[in-house]
1. Of the residues in the range 66-76, how many are in a helix (DSSP H, G or I), out of contact with any Cys (no Cβ under 7 Å at 6 or more places or on another chain), in contact (Cβ under 8 Å) with a residue 40 or more places away in the chain and on the phi < 0 side of the Ramachandran plot?
2. Going by what's in this entry, would residue 89 be described as at pLDDT below 95 and of a type in the set (A, V, I, L, M, F, W, C)?
3. What pairs come up if the first residue lies in the range 170-190 and is touching a residue at least 40 places away in the same chain (Cβ under 8 Å) and within 17 Å of residue 241 (Cβ to Cβ), the second is acidic (Asp, Glu) and crowded, with 17+ Cβ neighbours inside 10 Å, and their beta carbons are under 7 Å apart, counting only those six or more places apart or on different chains?
4. Scan the range 9-35 and report the pairs whose first residue is within 14 Å of residue 110 (Cβ to Cβ) and in contact (Cβ under 8 Å) with a residue 12 or more places away in the chain and whose second residue is among the β-branched types (Val, Ile, Thr) and in a loop (DSSP other than H, G, I, E, B), with Cβ atoms within less than 8 Å and a gap of 6+ or a chain change.
5. Based on this model, can you work out whether residue 99 counts as β-branched (Val, Ile, Thr), buried (at least 19 other Cβ atoms within 10 Å of the Cβ) and more than 14 Å from the chain's Cα centre (by Cα)?
6. Starting from residues that are more than 17 Å from the chain's Cα centre (by Cα) and assigned to a helix (DSSP H, G or I), keep the ones in the range 249-271 and report whichever is nearest to residue 162 (Cα to Cα).
7. Which of the residues spanning the range 130-169 are surrounded by 19 or more Cβ atoms within 10 Å (Cβ to Cβ), out of contact with any Gly (no Cβ under 6 Å at 6 or more places or on another chain) and part of a loop (DSSP other than H, G, I, E, B)?
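The values are calculated or read from the model by the stated rules, or taken from the named source; none is laboratory data. Just so you know, these numbers come straight off a predicted model, no measurement behind them. Reconstructed Cβ throughout: ideal geometry from the backbone, glycine too, with neighbour counts over all protein chains shown.
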Amino acid sequence: MNIIQKSFIKWPLLVICALLSTTLIGMITIEAFPAIVDAESPISWPDLILISLGELLVLDFLARKSHYGGWRLLGVLFAVYAGTKILMMMIEALFFLNIWQSVPMMSVEAILGATFHGLLLCGLMCLLIISWNKKWHSPPSTAFTFPPVKPVLIIAFAYVVCYLAAGAFIVMPLGGEAFEATYQTMSPPVWMPIFQFGRGVIWAMIVWLVVQAMPAQHRTPAVCFSLSVFGAAQLLHPNPFMSDHLRAAHIVEVVLSMSIFGWYAVKQFTQEERPHIEVNA
């Protein structure tokens, strides 16, 4: 069986598994967090298929190209996938759709439900991809190193710049009236840049995990694909908080800004040999 025939079998099977997992976990989530129903739109299967395919392609790329294997690879895939798709997005939802809104658009229970659903789905997808690629074997153990502080701080600051610039020059012009209608009741505090700097530190740690797990030639595409696809894919599905017009603006924003940010972050971590703090595995 050649590679084309294998691909025709592989990807439909993986997407079907992802859709079944999403549906089953969704049923469990609704039972545990009934409020999540108010935060969901009717299911759009074409969008879910596209989301599943995009995310699985990135996970597959990370798994195949990584020099990790076994539980270490599982940990990195889950941290990057869930960290980007769930942790960072739900932090933003908590503040932008609840805490900073005069009238909350999304309840805390709904955010917890979405987090619960996302974490379970991310775990299953990571297990599926590693099993499919037969990468449960662990290569010779290497030391894990914590990132040097200076580039982490530089990257965090760069994230704030990317975030504010993308909002001002991409989302607001493209979103137009839809942007104003959605966010007119939001009152972010003056310390929001500090909040985004904290998120930038987390982003830097996510990038560092990918940098450590990938060979040099695959680091930049791995980071850019991960941040842009995992961040933007979920916006493909309709939701009750954004019009289609605003979702499209946010998709353009996330893909462009996170690709640029990811490229810069990898460059900061790899432009020269830096001393690291090693922790033997």
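1. 4
2. Criteria met by residue 89.
3. 171/253
4. Correct list of pairs: empty, since none qualify.
5. Taking the combined requirement at face value, the residue does not satisfy it.
6. Going through the range 249-271, the residues more than 17 Å from the chain's Cα centre (by Cα) turn out to be 249, 264, 267-271.
In the following step, the residues that additionally are assigned to a helix (DSSP H, G or I) were identified as 249, 264, 267-270.
Working: 249: 15, 264: 10, 267: 15, 268: 15, 269: 18, 270: 20 Å.
So the residue we want is 264.
7. If the condition is that a residue be surrounded by 19 or more Cβ atoms within 10 Å (Cβ to Cβ), out of contact with any Gly (no Cβ under 6 Å at 6 or more places or on another chain) and part of a loop (DSSP other than H, G, I, E, B), then 147 is the only one that fits.
Yes/no matrix, rows are residues, columns are (1) loosely packed, with under 15 Cβ neighbours inside 10 Å; (2) closer than 20 Å to residue 218 by Cα:
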{"position": "41", "(1), (2)": "yes, no"}
{"position": "59", "(1), (2)": "no, yes"}
{"position": "81", "(1), (2)": "no, yes"}
{"position": "113", "(1), (2)": "no, no"}
